[in-house]
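Chemist: Attaching a single structure in structure tokens format; questions to follow.
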Amino acid sequence: MMNDISCKQEIKQITIPTPFAVGDVHTYIIITDKVTLVDAGVKTMEAWEVFQRELSSHGLKVLDIDQVVVTHHHPDHVGLLDYFPANIPVYGHKRAHPWMTQDQRYFSTHEAYYKELFERMGVEERFYPVLDAIDKPLRFACQRGLTSFVGEGDRLDGLANWRIMETPGHASSHLVLFDETSGTLIGGDLILADISPNPLVEPPYVDEAERKKAMLEYIHSIEKMKRLPIKRVLPGHGDIVKNVPVLLETRLKQQDKRANKVLNYLKNQPATAYEICQFLFKSVYEKQLLLTLSETIGQIDYLLDKGLIIEDATSKPYTYTAGGK
């Protein structure tokens, strides 16, 4: 549905259904001297019909949209771009581009990357068929790329008060838009009211040798947001966030608590990443292996970064032991 969000300029929230467990996704229309769409929903006919209907209810149509900004490359934020006019400018972080164009040179490396990751983590071979469907959700994504890349500190025509900020973590391509006049943040999936976003493991970007450490980037992005005078967050999912400093502090404390749970587990015995995943997620890991492995790798990265655990990488699977600094 479309809701008015009171502000000095007009901002409209359009809520679109998705086929994913996360549920509905929010997109935003910013109306100034230009009409800017932030994020573009998921590629299903239901989503497209809902989007057009909600635009129409406010006297707008797709052709009225002057430009699109995507907060990150996940399918539920870019999919409907395939139904937009070919000449509409689409802005986002350069790391979103190969995902959005579904660059087969890039994707061809994914299965081998994840297989080696599974071996390093000690994942049981019965789960290896999961890798065959690793990119399956991309059928709900677009197959068109960005027309221009934007990054830290950039501003766009029609968004005079809005500053683009890089906030990797949930995705390496993640951006937010901050309205310095009203204190409004359009936050994508960085800051959500009810859940902590999963910092997802991604294969190394084009021409990079190492993967980004998503959890460390996520924490850095949250710390960065703490330094801003944010009055409210318009999120990609769920309710608008108003008590922002409290929520950000809660997210950091929750992360520290999860990491301590892993550390205490490792004080009793060395373990592989897969064993840590089983400990953290019990039966859930069976159904959501990639999500739970991403979270587990995030905790390992966090503890290694703090010097609280030691990695033995002399053979596969790698093992982890409490100790260090």
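The values are calculated or read from the model by the stated rules, or taken from the named source; none is laboratory data. Keep in mind that what you see is a predicted model, and the values were worked out from it rather than measured. Backbone-built Cβ (ideal geometry, glycine too); neighbour counts: all protein chains shown. Keep in mind that these areas ignore ligands, DNA and RNA; they rest on the heavy atoms of the full protein, side chains included. Shrake-Rupley method; radii C 1.70, N 1.55, O 1.52, S 1.80 Å.
Chemist: List, in the order given, every pair from 115/316; 34/226; 224/306; 257/282 whose Cα-Cα distance in the structure shown is over 24 Å.
Modeler: Working: 115/316 12 Å; 34/226 30 Å; 224/306 19 Å; 257/282 18 Å.
Flagged as over cut-off: 34/226.
Chemist: Share of antiparallel DSSP beta bridges in the chain, in percent to the nearest 5? Please list the in-between numbers first.
Modeler: Numbers: 29 of 40 bridges.
Of all bridge pairs located within the chain, approximately 70 percent are antiparallel.
Chemist: Around residue 17, with a cut-off of 9 angstrom between Cβ atoms, what is the net charge of the other residues, counting Lys and Arg +1 and Asp and Glu -1?
Modeler: On the way: positive: none; negative: 24, 46.
Computed value for this residue: -2.
Chemist: Counting only heavy atoms of the protein chains, get the accessible area per residue of the chain (1.4 Å probe) and round it to a whole Å² value.
Modeler: So the chain comes to 45 Å² accessible per residue, rounded to a whole number.
Chemist: Here is a follow-up. Show 148, 56, 221 ordered by accessible area, largest first, where the area counts protein heavy atoms only and the probe is 1.4 Å. Mind dumping the intermediate values first?
Modeler: On the way: 148 45, 56 75, 221 0 Å².
Output order, biggest surface exposure first: 56, 148, 221.
Chemist: While we're on this one: Please work out how much accessible surface residue 50 shows to a 1.4 Å probe, ignoring ligands, DNA and RNA, in Å² rounded to 10.
Modeler: Around 20 Å² of this residue is reachable by solvent.
Chemist: I would also like to ask the following. For region 234-322, which trypsin sites (Lys or Arg not before Pro) pass both filters: DSSP loop (anything but H, G, I, E, B) and at most 11 other C-beta atoms within 10 Å?
Modeler: Working: sites: 242, 251, 253, 257, 258, 261, 267, 282, 287, 306; in loops: 242, 282, 306.
Passing both the DSSP loop test and the Cβ count: 282.
Chemist: So what is the calculated 222 nm ellipticity per residue for the chain, using -39500 (n - 2.57) for each DSSP H run with n of 4 or more, over all residues, to the nearest 500 deg cm²/dmol? Could you put the intermediate results ahead of the total?
Modeler: Numbers: 10 runs with 105 residues, N = 325.
Theoretical 222 nm ellipticity from helices: -9500 deg cm²/dmol.
Chemist: Also, I was wondering about something else. For region 106-206, what is one quarter of the convex hull surface built on the Cα atoms, given in nm²? Could you put the intermediate results ahead of the total?
Modeler: Numbers: hull surface 36.0 nm².
Here the figure is 9.0 nm², rounded to one decimal.
Chemist: For the chain, modelled as a GNM with alpha-carbon contacts under 10 angstrom, which of 158, 41, 187 fluctuates the most?
Modeler: 158
Chemist: Could you work out the Rg to Rh ratio of the chain, with Rh taken as the Kirkwood radius (inverse of the mean 1/r over all Cα pairs)? Before the final figure, lay out each step's value.
Modeler: Values: Rg = 20.2 Å, Rh = 20.6 Å.
Using only Cα positions, Rg/Rh for the chain is 0.98.
Chemist: So which trypsin sites (Lys or Arg not before Pro) in region 88-154 end up in coil per DSSP with only 10 or fewer other C-beta atoms within 10 Å? The partial results should precede the final answer.
Modeler: Working: sites: 94, 95, 105, 115, 120, 126, 139, 144; in loops: 144.
Listed in order of number, the matching sites amount to none.
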